[in-house]
Amino acid sequence: MTINTVVWGENIHEHINETVRSIYPDGMHNTIADALNTNPEISATTATLQEPEHGLSQERLDKTDVLVWWGHKDHGAVQDEIVERVAKRVWEGMGLIVLHSGHFSKPFKRLMGTPCALKWREAGERERLWTINPRHPIAAGLPEHFELENEEMYGEQFSVPEPLETVFISWLQGGEVFRSGLTWRSGAGNIFYFRPGHETYPTYHDANVQKVISNSVKWAYNPVGALKSIHDAPNVPVDKALEPIEERGPKLHKAGEAGYR
Ligand code: ZN
């Protein structure tokens, strides 16, 4: 059993910025996928904004167990139809890992239903991540704290719904703090947001960061398959009630009629 994982990369900065290209000559998505593929339980491929349907056809998403998302410069270029397709697959049970500036990506905002805004500063600050939920599967094998010498600052308030679990919090050199590893359940799908990953720093080459991402893919994986019925809203007829009942009072809908959406 391998976890079919797609690493989605916006794939813009690598082509227009010399610093980003020098750190990630094959693109950030390939660096992340290569790190995931060192784990025998995970089979990772990539998809990018520039491909037809952004590399996320319905057929491909139906076979995807976990989707990893990195975007930044052009969130708006992601077609709404694809966003809806991703959200539906998450509700059916596909895992979603959202990295760094993906906090403003359309799929994440769609699933959170909140602004997903935060404070930020690009000053190469040291980030210290604290593992505050050490028995969580995403924290497996990680130390009590670890450092990234250069990172972008993200500060609270991070306007997301109250998470299911907080796995990491970050201290940044300028004094701000941030909830940097958060989980949610949306429908049947597991969602994890992980903060580090600014494109001008070699964050995705860091062994601890790679471990967090591969742990999160394993955690988000749902082995029992898609819960397609999550989209259904069936009208249960009176004669199919579990206990005998008699219809009473006025009604709007005819028997067997579909409800409004
Ligand atoms: Zn950034």
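The values are calculated or read from the model by the stated rules, or taken from the named source; none is laboratory data. The structure displayed is predicted, hence computed values, not measured ones. Cβ atoms come from the backbone with ideal geometry, glycine included; neighbour counts cover every protein chain shown.
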> Mind checking whether some residue in the range 131-151 is acidic (D, E), within 16 Å of the ligand (Cβ to nearest atom), over 25 Å from L49 (Cα atoms) and assigned to a loop (DSSP other than H, G, I, E, B)?
Replying inline: no
>> I need the full set of residues from the range 81-105 which are touching a His at 6+ places or on another chain (Cβ under 6 Å) and of a type outside the set (V, I, T), in order please.
In response: S101, F104, S105
>> Six or more apart or on different chains, Cβ atoms under 6 Å: show the pairs whose first residue is in the range 70-88 and at pLDDT 95 or above and whose second is among the hydroxyl-bearing types (S, T, Y) and buried (at least 19 other Cβ atoms within 10 Å of the Cβ).
In response: G71/S105; H72/S101; H75/S105
>> For a quick check of your reading: which helices (runs of 4 or more DSSP H) sit entirely within the range 21-100 and have at least 3 residues that are within 16 Å of the ligand (Cβ to nearest atom) and in contact with a helix residue (DSSP H, G or I) (Cβ under 8 Å, 6 or more places away or on another chain)?
In response: 28-36
>> Taking the condition of being away from the ligand (no atom under 14 Å from the Cβ) and surrounded by fewer than 19 Cβ atoms within 10 Å (Cβ to Cβ), how many residues in the range 189-205 meet it?
In response: 1
> If you check G113, G124, which single one turns out to be within 16 Å of the ligand (Cβ to nearest atom) and in contact (Cβ under 8 Å) with a residue 40 or more places away in the chain?
Replying inline: G124
>> Going by what's in this entry, would G174 be described as assigned to a loop (DSSP other than H, G, I, E, B) and within 16 Å of the ligand (Cβ to nearest atom)?
In response: yes
>> So M1 ticks every box in (1) surrounded by 21 or more Cβ atoms within 10 Å (Cβ to Cβ); (2) at pLDDT below 95 but one. Which box is left unticked?
In response: (1)
> Out of L96, L142, L129, which single residue is buried (at least 22 other Cβ atoms within 10 Å of the Cβ), within 22 Å of N215 (Cα to Cα) and more than 16 Å from the chain's Cα centre (by Cα)?
Replying inline: L129
> In this structure, does V209 turn out to be closer than 18 Å to A140 by Cβ, within 16 Å of the ligand (Cβ to nearest atom) and not in a loop (DSSP other than H, G, I, E, B)?
Replying inline: yes
> Residues H136, H145: which one is of a type outside the set (D, E) and farther than 18 Å from V217 by Cα?
Replying inline: H145
